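Below is one structure, written out as C-alpha cells; the observations come after it.
Read-outs: derived from the displayed coordinates by stated rules, not from any lab. Owing to the predicted nature of the structure, the values given are computational and were not obtained by experimental measurement. A quick note on method: Cβ atoms are made from the backbone with ideal geometry, for glycine too, and the neighbour counts reach across all protein chains shown.
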Amino acid sequence: MKKLIKFLFVALSLTLFIASCGDRGPVGPEGPRGPAGPSILPVSFEFNADLLRSNGFEFFHDIPPQIDIIETDVMLAYVFEEYIPEDDLEVWRKMPVIDFNNRGTLLLDFDFTMLDMRIFLNANYSLGSLDEFEGLLIRAVHIPADFLNNLKMKEVQNAKTIRELEHMLGSEIENITMN
C-alpha cells in the first residue's frame, strides 16, 4: 500500500511538473489603478543667513512663492558645514546644531511659519561678537502633508541627512533656485 501511495505521489508530481512546462499563456486584463500619488513633491531652497549682534542674532527669510505651506506641513533645515573637494561632497548638518564651548552652550536653531523661516542663535550665556556668523548657507526642505500621511512624523524629523530623508520619502527632493 505504501508503495502504491509513493508511486501515485511521484506520478502526480511528475505530471504537474511536465504540464507546467510550456508556452506562456495570454496576458490577462489590467487590474484596477491604485490611488494617485501625492500631488506636491518635497522641495528645498537655499539662502544665506547672517546672525549678528546688530540683528539680534536672528535672520528671517521669506518662504519662496512657489511653495504653498499648509498647517500640517513640515520644514527641516540644514546648515552647510564643509566641502570635501577630493570626493566632490558637500557636508550638511541638520539643525538644531549644539556647540559646547568654554562659555557655555550655543544653539543654532530655526522655526517657521506659513510665510517665513527664522534662523537664530540661543545660548545659556550673553551672546557677543565672538558668537556672530556671517554668510551661513542654509538649505530648507519643505515636506508637504501629503507625504506625511503614511509616515511617522518623528521618523521624518529625525532624518540626519537629506539623502536619508529622500530615502524615507521615496522621492527625490527638488531644489528650487531663487533668482
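In order along the range 94-106, the phi-based Karplus estimate (6.51 cos²θ - 1.76 cosθ + 1.60, θ = phi - 60°) of 3J(HN,Hα) comes to 6, 8, x, 10, 10, 10, 9, 10, 6, 9, x, 10, 10 Hz; Gly and Pro are listed as x. Note on residue 70 and residue 99: their simple-model spin labels are 3.9 nm apart, each label 7 Å out from Cα toward Cβ. Computed on the Cα atoms alone, the convex hull of the range 43-175 gives a volume of 128 cubic angstrom per residue.
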